[in-house]
Amino acid sequence: MNLQEVLAYIVKALQQEQIRFGIGGSLLLAHHGLPVTPFDIDLVVALEDAERAVLLLSEMGTVVEQDETSLYATEVFQEFMIEGIDLDLMSGLQVRHDEGVFVYPFDEQSIDSAGRPFMALVDWYVIYQLIPEREQKVTMIEDVFTKREVDRKRLEQLRSLVLPQVVKKRINQWLK
């Protein structure tokens, strides 16, 4: 199976179990037409559904042991290998930074309900700013923002959270 086939397989299984989740990372960027080649699947799952999602995905593939990192404070992180494709499940997503801890507010309303459940691009605009070596992706998303309407309400919600001032300033340019 290729990545798109594995994604379809996983999405169908999670939806059948009524697990609330969104697709993010490079797959989200590719969905928006950005010049990236996804090699893995990044899923953010509602915290209340995380245990069921981990159990389901572990039945579909192999659980991969991962190294601890000091960057993330995520409540549930599990990596899987499903049909040769790497999948990262995150729930209660949190990222440490110099000014505190960003706690990602999972919101079903910000997930595309038509077709595959992709997360909001503004969510990953903020998340990528907190992860080292993701500046190119941040810049590509900003290029999209110059051509399409920005979800100002969601961006304002994210800006109100614990973020470095430099990130808040960068967000402000899209809220003027």
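The values are calculated or read from the model by the stated rules, or taken from the named source; none is laboratory data. Bear in mind the structure is a predicted one, so any value in this text is a computation, not a measurement. Cβ: placed from backbone, ideal geometry, glycine included. Neighbour counts: every protein chain shown. For accessibility, only protein heavy atoms count, side chains too; no ligands or nucleic acids. Shrake-Rupley method; radii C 1.70, N 1.55, O 1.52, S 1.80 Å.
Scanning segment 35-50 for residues that are crowded, with 16+ Cβ neighbours inside 10 Å, out of contact with any Phe, Trp or Tyr (no Cβ under 7 Å at 6 or more places or on another chain) and assigned to a loop (DSSP other than H, G, I, E, B) yields Val36, Pro38.
Is there a residue in segment 153-163 that is open to solvent by 70 Å² or more (accessible area, probe 1.4 Å), closer than 21 Å to Ser26 by Cβ and either in contact with a helix residue (DSSP H, G or I) (Cβ under 9 Å, 6 or more places away or on another chain) or part of a loop (DSSP other than H, G, I, E, B) (or both)? No, there is no match, as no residue in segment 153-163 is open to solvent by 70 Å² or more (accessible area, probe 1.4 Å), closer than 21 Å to Ser26 by Cβ and either in contact with a helix residue (DSSP H, G or I) (Cβ under 9 Å, 6 or more places away or on another chain) or part of a loop (DSSP other than H, G, I, E, B) (or both). Considered as a group, the residues in segment 9-30 that are touching a residue at least 24 places away in the same chain (Cβ under 8 Å), in a helix (DSSP H, G or I) and of a type in the set (A, V, I, L, M, F, W, C) include one that is nearest to Gly92 (Cα to Cα), and that residue is Leu14.
Between Phe118, Phe80, the distinction of being more than 19 Å from Val167 (Cα to Cα), among the aromatic types (Phe, Trp, Tyr), over 14 Å from the mean Cα position of the chain (by Cα) and modelled with pLDDT of 95 or more belongs to Phe80 only.
Apart from one condition, Ala13 fits all of (1) open to solvent by less than 40 Å² (accessible area, probe 1.4 Å); (2) modelled with pLDDT under 95; (3) more than 22 Å from Ala120 (Cβ to Cβ); (4) of a type in the set (Gly, Ala, Ser); the exception is (2).
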